[in-house]
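Just below is one structure, and these are the notes that go with it.
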Amino acid sequence: MHDRTPSPDQAERLRKLMVQPPPTVSTATAVRSAVAPIAEPSVAGVSVGPLGLVDRSRSNRIARAIAVSSGKGGVGKTNLSVNLAVAFAARGQRVVLLDADLGLANADVLCGITPRATLEDVVSSDRTLEEVMVQAPGGFRLIPGASGVSRLADMGQTQRRSVLDQLLQLERTTDLLIVDTGAGIGANSMAFAAAAHSILVTSTPEPTSIADAYGAIKTLVARGCRDGIRLVVNMAASEEEARAVHARIDRVSRAFLSTPVQFAGFVPQDPLVPIAVRRRTPLLVHSPDSPAARAIVRLARTLSGESAQGDRADQRRGFLARLAAAIASR
């Protein structure tokens, strides 16, 4: 471990990274996009950790990371991630959505964005993070297609540090990082989820989805994630149905994993959701007063209240520090 001070070239790159254009949001939407200006952080007095990653345990602030995960596909995980990003941005937070679905990254599709580049291009040194990150409808920033992160362990030290330095500075200048993981319990998906401060496991009331959600929770617990796991029930017919789903999963998790699962909330079935998807517009922008949109706003409010009390015991360690450690251990 040793202290590391950025060179003048790195400092200049960081200043450029922190200059972001204001988001463009239709005046017809009722969503208030109030993303605060990004202040330049202090970067002195940090040390190097796993994979050449800066250890920020002595930093004053880090971005909170929320992973949105699921045991199977088709449960609305990415839609929930995108709209949560809009809801948090409307609360005045600086939000970045990291599309970490290594196989079917499609958050850009739901936002009506055709990205010119993805994080893969940052990993290959063809683009900077500033060039890859795009403004999305609703006032948040999107990092498209994060498949490149899984290649960090295979990089040379200099290349790896360049990529991680850019991502770490993003963590310093962001309030909230939402990580849309891949569906299922694959190693990459679970690594992204386990690295977050809190984890939203998404399920529907369907029996197969409930079983797969429990499978994801079991895998996360095996990785040491006994705190910060929450269940959100999507496409529920009613709150009663959603709470019944939660009670079933929580009961089994307590019995066989000795781990409680908190109920984060639910999102009801809403015919406006597929309409917004077809129009490639986040629901909170397309139909902010719809039942599903209001439920997502409530979910964001609940999660914001919980963040004041902290999530995981290692809250002061950044998402990227834990992710890098997971990659290094493979």
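List of remarks:
- Selection within region 197-242 - among the acidic types (Asp, Glu) and touching a residue at least 40 places away in the same chain (Cβ under 8 Å): Asp212, Asp227
- Members of region 192-227 that are surrounded by fewer than 22 Cβ atoms within 10 Å (Cβ to Cβ) and at pLDDT below 90: Arg223, Gly224, Cys225, Arg226, Asp227
- Screening region 299-317 for residues that are modelled with pLDDT of 75 or more and either part of a loop (DSSP other than H, G, I, E, B) or among the small types (Gly, Ala, Ser) (or both) and picking the one that is surrounded by the most Cβ atoms within 10 Å (Cβ to Cβ) gives Ala300.
- Reported count of residues in region 278-298, each being in contact with a helix residue (DSSP H, G or I) (Cβ under 7 Å, 6 or more places away or on another chain) and in a helix (DSSP H, G or I), is 8.
- Filtered residue count, region 274-302, keeping only those that are among the β-branched types (Val, Ile, Thr) and under 30 Å from Thr219 (Cα atoms): 3
The values are calculated or read from the model by the stated rules, or taken from the named source; none is laboratory data. Note that the coordinates shown come from a computational prediction; the quantities given were computed from them, not determined experimentally. All Cβ positions, even for glycine, are placed from backbone atoms using ideal geometry, and neighbour counts span all protein chains on display.
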